[in-house]
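Heads up: the structure comes next, in structure tokens.
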Amino acid sequence: MIVHEQIKAMMRAENLTRTYKREQVDVHALKGVTLDIAPAEMTAIIGRSGSGKTTMMNLLAGLDRPTSGEVWFKDQAINHLSEPELLRLRQEHFGFVFQTFGLLPLLNAAENIGVPLRMRRMARTEREQRVMDALDWVGLTKRAKHRPYELSGGEQQRVAIARALVAQPDVIFADEPTGQLDTATRDKIINLLRRSVIERKVTVVIVTHDPQVMREADRVYELRDGALLDQRRNR
């Protein structure tokens, strides 16, 4: 394990680059980006299509590895971990929310929420209690037995948030979580994510185009053509 000498952020990207090969041409998705993700805050990463924001999130979440630079989670440089170690890191410390919800169609809401706990081989009694607590927290107790096709888009996204929270992660990564929702439903989802920061002290990292998410975030990083263009604090 590599230890960072001064830990102030929940996560830190240091001089990250990511280069892909496309038809024998180098594509520079990230160009030396350095940024901090503060604990118990909502951080938005924004930018036009192709700006590098999804690549940035994938590197922070350990879903991809940088060409150069470091990604720190607390006291670990995670890009030096093996694949099994990265998998364990994601299972134990990270939660994920996707634009397309990512629910398993044959499982009901409660079963979908319980998937991360099954992967951790949690005892049935504790698993079921955590699932019911998560359903209650997102206001979907009465929809526990409904499958995804029986739920609205907003309800599916609330199930996805409950699934991300049920394992009590340190960080939730959300990829355009309001992208397919109407305005009223979008506001409910943003409120749930803010509540997770305030009430549960979860660190939330959101890739977004949504102006309302940008306004609600504590910190906003803007990428352009793979480089950090701007950063600002809202609180």
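Throughout, read-outs are computed from the coordinates displayed, never taken from laboratory work. Note that this is a predicted model, so its numbers are computed, not measured. In this analysis, Cβ positions are derived from the backbone assuming ideal geometry, glycine residues included, and neighbour counts consider all displayed protein chains.
Things to note:
- Among beta bridges that DSSP assigns inside the chain, antiparallel share in %, nearest 5: 55 percent
- Ordering Ser82, Ala38, Ser51 by Cα displacement along the dipole of the stretch 35-92 toward the positive end leaves Ser51 in first place; charges were set at the Cβ atoms of Lys, Arg (+1) and Asp, Glu (-1).
- Local charge for Arg127 was computed over the other residues whose Cβ lies under 10 Å away, with Lys and Arg +1 and Asp and Glu -1, and equals +3.
- Three-way shape call for the chain based on the alpha-carbon gyration tensor, with the a/c threshold at 1.5: prolate
- Measuring against 28 Å, Cα to Cα, the residue pairs Lys31/Lys74; Lys31/Lys201; Lys74/Lys142 contain Lys31/Lys201; Lys74/Lys142 as the ones spanning a longer distance.
- Pairwise centroid distance, computed over Cα atoms, of the stretch 69-119 with the stretch 129-169, Å: 17 Å
- Using θ = phi - 60° in the Karplus curve 6.51 cos²θ - 1.76 cosθ + 1.60, the 3J(HN,Hα) couplings for the stretch 45-55 round to 10, 10, x, 5, 4, x, 6, x, 5, 5, 4 Hz; x is entered for Gly and Pro.
- Given charges at beta-carbon only (K, R positive; D, E negative), |dipole| of the chain in Debye: 440 debye
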